[in-house]
Amino acid sequence: MRKKLPRPNILIVDDVPVNIKVLLTALISDYDLSAATSGPDAIEIAVSDSPDLILLDIMMPEMSGYEVCAHLKADPRTQGIPIIFITARNEEEEETRGFELGAVDYITKPFSPAIVKARLRTHIELKRHRDHLEELNTLLIQEVAERKRSEEALKYLLKKQDINIEMAKKLLKRVNGTVPRYIRLPENLVLFADAISIPCYAEGGDHYFVRAISPDKQNRYGKILLSLKDQSGHEVTCVLRSIMTDMIHNAILDNDGATPLEEGISKLNDEICHSKIFSEEDFFTSVSAEIDRETLVMRYVSTGHPPFLLIRGNKVDELPELGGAGTNIPVAVRSGIAYSVGETQLQEGDKLIFYTDGLTEMPLKNRKEMIKLKELKQLVGDIIRQPTKCFRSGEQEGEMTGGRKQYPELSVSDIMNNLLIRISEISGEEVVPHGCKDGPKNTSADDITILCLEIENRNNYYENIWKPKDSDDIARRIAGLCEKLECEWNYYDCELPQSCLRMVLEEALLNAWVHGSHQNPDKSVIVRWRFGNDFHFEVIDEGDGFDYKSVPDPTSRNNLIKPSGRGIFIIRHFCDKVNWKKGGRHLTASLKKHPDFAGKRNHSETLIRQPSLFSAPNGLTNPAGPVESVNPNQAAGKVL
């Protein structure tokens, strides 16, 4: 259950009580409110109560809004509070002066409740994220200090010829790189990949990589190769053997990527046996696979490793079968082995789960038994066949592109996370992945790694085609779409706040309508979306396009008070992947359903140094109910 956020506190400053009353009436249902009728009173309340945002009238006797703003921005106790000016005038010179003093937006009289609420919601959410980033920045500073202390300790350990685990982990990551989340396949297909790995000690013997091999004469689209290995033992030298093993394996691939999978594993075995890196009792199990990106034929070699699972629809199979093709003895037992290979044909929608024996042996410590393969398949079957909830009342199934009706399916990453949770509960252990609250944590007796893949179709999307008449119409449509998507967001239990989704969609759609279609009611704005392992959306306009590479950076000092670039900055910041096609007329983006916010630390210092870069966004909403979703194949000639 998510923790409910406290109601934001808004301070309204205006010397006219009637204006205060209008704003109180519009905002009382959503915010805790306080009011002041003079500048000195406003400063006193801001210092004592530290509101989340201040609505500040410019024209006041005794002390103007500009003077109040300057005083608040000069005080370290209040300089971080966002200020939105209230004015009856709408002149660029006045706005520029306010932005230079540190205001984030302007609202003109007479008030439009919908506009006021939209602006407040945007700036409150931005302040919350800025506060979160400030916390991350503090943690980052602490980590830097800790790293310096670790470096001093490392120098001492090196003198003693001891092993530094953290340095070894970084080296292994450098050897294998990060797992590519999506790899393109032919016919609008993509291969999704993700992994969970939690050692039982500081660092264990599980290690893996996924990499794309360049095309050659035999594979004109290239191939994808993955390898999951489990070193014997749990002593500290496991991580060193892991590094050496994957350095050799990657070198074999780099020297000749066209080498058949089974020959590559045989070479790896011989190299390790001849290198004398492993002692006589050391070995590792592994499962390696290569996928032809054109044909989707997958070849696999298992060396004493547990079978992996192939999920197709509601059916769960294991590969390789006991004693079947692709079954071999572990690596480093003896040299000169010709490893055998198995083969299977993959297809759209297939899901694959690879794992180390730490997953199935998790119950050993408390229950004195392990999970058998049949029981593991049953657990996965129960997860994928569990009853599905409805997106909206009365809706039992969704309609996707191609006219196919299907019940919402769990993605492979959802299956992977559910499987880990269920086995942890069965075992009475605490196993929490990195990036989650209280993680990483593993109280079991072995390292646990799960690597999952899924072949997704990028064209399985919903689509809306809009021809907005005016600003109220586009605001209504955006509000309705956000309402619809927030229901589905909850269904998929997405951890990213809904406010991030709303902000990104608002900015993308408003940019397309205002700057792309130039508010022309005869031009279409198309929005598409799909939920897979991540949330994906596209926005297409009929404008002239733009050079997205030359958009001004709103964090630079010269651009702080300029409006251009903020919307694109927000989209890039909150989305995990952003791309423009067709000269800037076609935006594609994705957001992780279960993000690791620590991954955004690279942005934190910029945001904290330039907190005013979010001033005066293009946020605009006017809630008026949902809009209709249509199948693209049915939408030809239909305008919503």
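Readers should treat all values here as calculations from the given coordinates under stated rules, not as data from a laboratory. Small disclaimer: the values here were computed from a predicted structure and weren't measured. All Cβ positions, glycine included, derive from the backbone under ideal geometry; neighbour counts span all protein chains shown.
What to note about this one:
- Using the Cβ-Cβ distance between L322 and V297 with R0 set to 22 Å, the FRET efficiency works out to roughly 0.45.
- Global geometry of region 1-80, whether rounded, prolate or oblate, following the gyration tensor of its Cα atoms and the 1.5 cut on a/c: oblate
- Whether region 86-137 is rounded, prolate or oblate, judged on the alpha carbon gyration tensor where a/c under 1.5 counts as rounded: oblate
- Neighbourhood net charge (10 Å Cβ-Cβ; Lys/Arg +1, Asp/Glu -1) for D194: 0
- Region 218-256: trypsin sites (Lys or Arg not before Pro) falling in loop per DSSP and having at most 11 other Cβ within 10 Å: R220
- Extension gain for the segment E348 to D32, taken as residue separation times 0.36 nm less the Cα-Cα distance, is 108.7 nm to one decimal.
- In region 14-119, the GluC sites (Glu not before Pro) that fall in loop regions by DSSP, at most 13 other Cβ within 10 Å: E62, E91
- Region 175-218: trypsin sites (Lys or Arg not before Pro) in DSSP loop, at most 15 other beta carbons within 10 Å: K217
- Counting 0.36 nm for each residue step from K148 to E281 and taking away their Cα separation leaves a gain of 44.1 nm.
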